[in-house]
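Structure first, then comments.
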Amino acid sequence: MSQSQRRSISSQFDREFVRGAIREIKLKNFLIYDNVEVYPGAHLNVVIGPNATGKSTIVNAICIGLAGKTTILGRAKDLSAYIKNGCSRASIEIELDGGDESNYRIKRILQRGSTTSSSWLINGKSSSQKQVEELVSSLNIQVSNLCQFLPQDRVADFVKMSNTELLSNTMLAANKDLYNIHCQLKVAQRKSLEINTDFSKLVDVLERERSLNAALERDVSNIEEREGYEQKLNNLKEKRPWVEYEEYRRLHIIQKEEKERVEQKYNEAMAMNLPTKQAIDSLKRQQTDKLTEFREIVRLSVCLSETSSLLFYNCYIRLYSGFITSFSFVVMVTVAMATVVGQLVLNQSREVASVNEAIQSYSEKVNDVETTLKFKETQEQTRIKKLEAMKLQIQALEDQIANLEELNLKPEIELCSTEIKQLNTDKHELDEDIRALSGEKESKRLEIIALESELKKLRDVDSQKLNLVRKRDKHTYDAIMWLRAHRNDFQDVIYEPPLMTLNVRDSANAKFVENNIGFNDMKTFICLNAADHEKFYKKVREENRLLINAAVTLGYGPDHYQPPADISQYRQFGFHCYLKDLVEAPNAVLAHLCHLSGLHRIPVGGSRVNDFIDEIPNRCPGVSRYVSDTHTYSYKRSKYGARNVLTRSTDLRPASLLIHSVDESKQEEVNSKLKVLRQQDIDLTNRIKALSDKLAKVDQSLEQARQKKRDLIKKQGERKTVQEKLLLKKESLLLLEQEAVDMDAARADCNRQIEAIFADRLRELSNLADKTEVVMKHCKQRCVLGLQYYSLNQQVKQKEAELAEKSLLLIDLERELSEKKEQLSKTRDIAKRLQNEAKRTTGDMNKFPPEKQKVIKQLPSTLEELDAMIADVQARMDLIYERAARIEKLEKKMAGNNAAQTAHKDEISQLRDSWLPPLQEIIDKVNQQFSSYFRQMKCAGEVTLRVPPNPDEFENYGIGINVKYGDNKPMKELTTFQSGGERSVATVLYMLALQELSKAPFRCVDEINQGMDADNERKVFELVVKAACRPNTPQYFLLTPKLLPDLLYTERMAVHIVHNGPYMVEHSKWNPDSFLTTRREFSDED
């Protein structure tokens, strides 16, 4: 059938297509289709066909071809999974009605291996996905809205939508402006909460400042007291440099005593090592003298032959045995001669190995000859056995032919065929029942999978982190959710804040990380380039009005940020690792935290760190901040020569950001639902098993009937078959008789070859005996020399070990003495500098007036107490003047905040008035239509707007659906506790009720009738036909694997029957007249 013929079928309704309705769908190499074209009608389109033939493929093509996400379909996320196996590319082409304008033709081409990108064409012109999305949105097509587009794998998700999600999808389908106003109201609600929170904080701060100011005014109530504080502050500042000098002077005395103690130990160790060192020097001089004499002897021995070399060695030992006293010299002699003898042994060993190889080759040759003979014997025995067996078979076949006669078994075969036909009918009926129950079981299984997935999410660490972020910073949480929905809008990855991506390997270390990374840094989004950073800021902060932090990385990885030194150098101070070693995170996030917070430069230790606070600044260069088990320490050096060190410590706060909690009540609720569904699944399994057992019995009877028919057919042609076998056996017998082998000649030839091989082997064995005797002699000589060398070498090592042990102790003392001298020098210089600075600043304390000396003497005598008192007095002097100014500033800020709060309430009131009444009107209309549909089915249903207890909580508004099936049942909310058929009825009727209010050009529902009983399915189908086939109604797609007989049909309704498979005729070759003729022939036979 040509394209023009197809279009002419529905030409009378062409003008009834609404703008945006689907005119044509073309698929090529998409999922199971090679090439297919679909021409939908303007109103109801019923797509029917067996499972796995391609009905849902059409729905998938509509979604993907109109720029929908693959997640909507509940199937594969990778676009390449939708390309037919064996093909490298696929295409989807959809024509949309343009109303008064030309139609729009959108084409999408998918490439194998592409996961996020594909090429687009609009009316034949190359376009971007954004342009396609804008066109689809302008036509009010919403493939992501379950109220408009309900794929097969998402039917259960409609019921699982929360009340708030159902409200959002309903507004998107009915009136998008109301949805936008609702979004503005939710943003305004969050902003109102922030304004109220800020106002409460301002009130608390103002009250606290006022009370503190009143307390200070009571403490410093007159001018005389203020002057007293000023005098006390001056006395404290004058005493401070002298106290600091005194502390360093005492430290100098202690270090001097330590230096003298180490110096004494060093001198004692030097004295103990002197005799051993002198003895080693004497041995080395003797060794040098003997080595010069021995070199000439070794040079001559190497040039001798085997016999002369051994003789030279024996004479030399006798000649010098009387005066060899140095064991080092004996070692050298032994090593040299062992080398000479070893080379001779090596040469002889090589010759022996060569002879062994030759002997082994002779054994292999004998084995080859014997193997060849055994193979011939085995082959001949096998031939004889085959020959005897063949003769017996030929005799049996001849006897069988003599006993066989021609038979006529056709009546019995026809009787078996009738029985097989009846059994096939019974099997088909059982298959249909099992398929229906399996469909219902599959629906239960999908619901169980969805609940298990939900339970997994509750237990998931990511969900726990997300819940914590939502509690601590709602703006950051909203930004994370927005980013997850729009990741593909950016060039590179945008990483979520460290609150989500940072992982502490051991939860006990969480407090170290939290106390050294600011909260603002913990909630900062990380961008890889400036363009994404600017776009992200514009979308989130300007358009969504979310107060978040974002930063751009410098392009370095974590390896760029190296610690100042290996941690092993700092273990003596109690450190065991750096902060960077305690955490895991994506490279960009970890590098950013190293850059901002210096995680790679902050060592972490235990309680021992607190004992080295004064030493760490001087002995750990590059470390300006470190952590103990209870405190975080940081220090700064004076700008004048980096001499003065100021150390600051803060207590570690308990961890609160990197701990997670699980919603136990929600888990319990999901578990209870899972228990009910699993029991239902077990019941269905038992029913299916019972039918399967019955089907197995039918299959068994069917197989017996088929086997009987095969046996009859086989028996009827058995005589001819036996004659053909007899002919083949006689031919094989003739070939076996011609393959006989002369075994006597083969055995004689084998014996001759083995005798020749044994003669050659005897000669080689004689040669091997001579070689072996020579090798054994040389090996004995080398063993004796090796034992002598080992004994002497052990004595040398013992002497050297004694000297090395004493030298190590001396080196440690020398290094310790050098460190003590360096510390003493630094302390002396600091003390002198502090003394000069004190004299220059305050003069000589001994020359102060007696009264002043008495007052200064009563002041604290330690730097810590002195600094604390200075800070306290200075704070009292400063705060009395500064706090009044802060109070005035806070009062002005409160007045401005109050005005903003009033204006924001007015704005919310105006938005509510423009949103709530129209929304209530829409809900009333949907409820009226929904209730009417249920009444026609002798049931009850209602749709209500759920208003929260606090009307200003716009995020909690929702839609509730209550249904009642049967007169004696109460009205209950639509949930997953209803049966699959009851949920399907409510779903399709809600979508029908929404149809008259919706501006969507088409709707799609895939296999919604699965699980319905026959009565409900018929009623629902008639409602769909009446609602979808009225004039001026949008397009409607209803996909189903089956339909009841004698259903309502109208002219505005189109039925598309899917026939697909490897044995189907090409659609261009279909002949409808031939199909009808064949069908009539089958009917006449029945």
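Bear in mind that the values in this text are calculations on the coordinates, not laboratory data. Source: prediction; values computed, not measured. Here the Cβ positions follow ideal geometry from the backbone for every residue, glycine too, while neighbour counts run over all protein chains shown.
Rounded, prolate or oblate, given the Cα gyration tensor of the stretch 407-528, with a/c below 1.5 counting as rounded?
Values: a/c = 4.65, a/b = 3.93, b/c = 1.18.
Prolate.
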Computed E for L733/K421 - FRET, C-beta separation, R0 56 angstrom, nearest 0.05 = 0.75
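Calculate, in nm to one decimal, what N956 and L1047 gain on full extension: separation in residues at 0.36 nm each, minus their alpha carbon distance. Walk me through the numbers before you get to the answer.
On the way: separation 91, 0.36 × 91 = 32.76 nm, distance 4.24 nm.
Computed gain between N956 and L1047 is 28.5 nm.
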Starting from the amide H of Y635, placed 1.01 Å from N in the peptide plane, find each other amide H under 5 Å away whose residue is 5 or more places distant or on another chain.
-> R648
R89-R470 pseudo-label distance in nm [points 7 Å out on the Cα-to-Cβ vector] = 4.4
Over the alpha carbons of the stretch 1016-1061, what is the largest minus smallest coordinate on each principal axis, giving the biggest first in Å?
-> 37, 23, 15
Estimated distance in nm for a label pair at E1022 and E101, the labels positioned 7 Å out from Cα along Cα-to-Cβ | 4.3
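When ranked by the protection proxy of mean other Cβ atoms within 10 Å per residue, highest first, what sequence do the peptides 381-387, 34-40 form? Write out the running numbers ahead of the final one.
Working: 381-387: 12.6, 34-40: 16.6.
Ranking, from highest mean packing down: 34-40, 381-387.
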Please give the per residue volume of the convex hull enclosing the alpha carbon atoms of the stretch 503-651, rounded to a whole number of Å³.
-> 138
Taking Rh as the Kirkwood radius computed over C-alpha pairs, what is the Stokes-Einstein D of the stretch 562-610 at 20 °C in a medium of viscosity 1.002 mPa s, expressed in µm² per second?
-> 190
At a Förster radius of 60 Å, what calculated FRET efficiency corresponds to the Cβ-Cβ distance of L387 and K697, to the nearest 0.05?
-> 0.75
Over all directions, what mean area does the Cα convex hull of the stretch 666-710 project, stated in square nanometres?
-> 3.6
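Based on the Cβ-Cβ distance from S119 to I48, what FRET efficiency comes out when R0 is 41 Å, to the nearest 0.05? The partial results should precede the final answer.
On the way: r = 33 Å, r/R0 = 0.82.
For S119 and I48, the calculated efficiency is 0.75.
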Hey, could you get me the Stokes-Einstein D for the stretch 472-527, Kirkwood radius over alpha-carbon pairs, 4 °C and 1.567 mPa s, rounded to whole µm² s⁻¹?
-> 103
Net lengthening on full extension, F758/D559 (0.36 nm per residue, minus Cα-Cα) | 64.4 nm
Residues in the stretch 369-391 reached by a label modelled at D744 [backbone nitrogen below 20 Å; 7 Å Cα→Cβ] | 373-374, 376-381, 384
Roughly how many nanometres apart are two label points built 7 Å out from the Cα toward the Cβ at V366 and R625?
-> 8.6
